[in-house]
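Before any comments, here is the structure.
The values are calculated or read from the model by the stated rules, or taken from the named source; none is laboratory data. In this text, all values refer to a predicted model and were calculated from it rather than measured experimentally. Backbone-built Cβ (ideal geometry, glycine too); neighbour counts: all protein chains shown. Please note that ligands, DNA and RNA were not included when accessible areas were found on the heavy atoms of the full protein model with its side chains. Shrake-Rupley method; radii C 1.70, N 1.55, O 1.52, S 1.80 Å.
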Amino acid sequence: MDTSINQNQERMMGNKGFRTFWLSHTATQFGSQVAFLGLPLVASLTLSATPMEMGILGALEYAPFLFIGLFAGVWVDRFPRRPQLILSNVGRALLLALIPIASFAGVLSMGWLYIIAFLTGIGTVFFDIAYQSYLPALVNKEQLVKGNSLLEGSRSAAQMSGPGLAGAIVQFTAAPVAMLTTSLAFLISAFSLLFIKRDEEVSSSPGAKRGLWEDIREGLRLSFSEPLLFGVIRCSGIFNFSWSVMFSVYVLYAIEELQLSSGWLGFVYGGMGVGFFLGASLVHKAIRKFGMGPVVVGSAAIAACGGPFAPLAVGSDGMTALILSVGQFFFGLGISMWSISTLSLRQTIVPAHLQGRVNATVRFVSWGAYPLGSLVGGYLGNAFGMRIALIAGAVGLAVSVSTLLFTPFLRRKEKSVQELEKGNFKGIG
């Protein structure tokens, strides 16, 4: 078995299309992680945002997943995915470059930040759905777990360095300047995708007689009727809602109540990057040892363990940052293993012509929960204090894990995508 795995890995690394895609993904993740901390810092440090304003900002970043997520899934399935990836990143690069320009011109406001966050979120919708649906066109099915692990490894490397870089830039220059780094990274990602020459099959043509709503219903029907897919969607929705309740006030809580500098905050988020890296390194071995189902459940439980650390953080700046960093480590470890295992599951058992719509349905529910959670977190932070919002979010994370106990995951012990294909999935699609 080890020989076969090594041979698959060698073939995948010899795949120029995958290597180029990996480079593009790495640049995208690096830019995204700088923006992940940089955008809230612009709001809190440059514009003195309130907890409610921070909640609204977080909501608008992910609101497009609710408004256009399902339609984007149909679009991704009907048209070639590589051009969509390129246009999405070019659009996001140009939009984020407006933040430092507006700041230097003295016209930057929360209103402008809201608009840019929402429009950038539209680009994120199309990029995220298209990238998940594009990988199966570049590698064989038996290479999906390893391919997703390598992509997640890039995400972990970006997570370790991106927030730290954002914190350093903000510490020594100004928060809006960090957005220039993100913009450049998105442009590099879009440019590198131009060099992928592999042809991609379009599963359904734009001129097909099927209506838009009929295509959407087909994706919804599969996503909610297959127990494993529905289990992932339900858990992700509750987890991300609770996560967003916490992180709508997380940066403001760290800066105002814990009195951490942007440099220390970069260190805190670096803990998540270490967890991401370790999770991406271990998930393949974990699936081979315990099976896909137990790894899915275990990874969600590990991620939920990161919840209580934020409201319990006390002590000196260094001690507080260390406690927060440990919580971020558990988040990164669990989320990394969850993302790789559940994405590989979808890419294996869902037919190619439904990949975009199923991925869009998952994102519609799971990422669509972010804006709702952000609004709730902002309200709780304003009305009852930011620590209460953090505690409420931590409780919700535990609830999300409990929903997996009512799914077949603990009984599914397949240890490779080949075993998944031989399972009870012949009727899917």
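Tabulated data for the structure shown
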{"item": "Number of positions in segment 296-332 that are free of Cβ contacts under 8 Å to residues at least 60 places away in the same chain, of a type in the set (A, V, I, L, M) and open to solvent by 20 Å² or more (accessible area, probe 1.4 Å)", "result": "7"}
{"item": "Some residue of segment 113-129 being in a helix (DSSP H, G or I), over 30 Å from LEU354 (Cα atoms) and not β-branched (Val, Ile, Thr)", "result": "yes"}
{"item": "Any hit, segment 150-167, residues being out of contact with any Leu (no Cβ under 6 Å at 6 or more places or on another chain), at pLDDT below 80 and of a type in the set (D, E, K, R)", "result": "yes"}
{"item": "Residue count, segment 279-314 (criterion: at pLDDT below 90, closer than 29 Å to ARG387 by Cβ, aliphatic (A, V, I, L, M) and part of a helix (DSSP H, G or I))", "result": "2"}
{"item": "Complete set of residues in segment 70-86 that are of a type in the set (Lys, Arg) and either closer than 18 Å to PHE191 by Cβ or touching a His at 6+ places or on another chain (Cβ under 9 Å) (or both)", "result": "ARG81, ARG82"}
{"item": "Residues located in segment 18-44, provided they are among the aromatic types (Phe, Trp, Tyr), surrounded by 24 or more Cβ atoms within 10 Å (Cβ to Cβ) and at pLDDT 85 or above", "result": "PHE21"}
{"item": "Index of the failed condition, GLY106 passing every other in (1) surrounded by fewer than 19 Cβ atoms within 10 Å (Cβ to Cβ); (2) closer than 13 Å to THR28 by Cβ", "result": "(2)"}
{"item": "Tally of residues being open to solvent by less than 80 Å² (accessible area, probe 1.4 Å), at pLDDT below 90 and not charged (D, E, K, R) across segment 386-429", "result": "12"}
{"item": "Segment 372-385 - residue that is of a type in the set (Gly, Ala, Ser) and surrounded by fewer than 21 Cβ atoms within 10 Å (Cβ to Cβ) and, of those, nearest to the chain's Cα centre (by Cα)", "result": "GLY385"}
{"item": "Residue selected from segment 243-288 under the condition more than 20 Å from the chain's Cα centre (by Cα) and under 19 Å from GLY147 (Cα atoms), by the criterion surrounded by the most Cβ atoms within 10 Å (Cβ to Cβ)", "result": "ILE287"}
{"item": "Subset tally (residues that are assigned to a helix (DSSP H, G or I), of a type in the set (A, V, I, L, M, F, W, C) and either in contact with a Ser or Thr (Cβ under 8 Å, 6 or more places away or on another chain) or open to solvent by 50 Å² or more (accessible area, probe 1.4 Å) (or both)) for segment 66-81", "result": "6"}
{"item": "Only one of SER24, SER88, SER44, SER32 that is of a type outside the set (D, E, K, R), assigned to a helix (DSSP H, G or I) and touching a Phe, Trp or Tyr at 6+ places or on another chain (Cβ under 6 Å)", "result": "SER88"}
{"item": "Segment 130-147, residues that are crowded, with 18+ Cβ neighbours inside 10 Å and not in a helix (DSSP H, G or I)", "result": "LEU138, VAL139"}
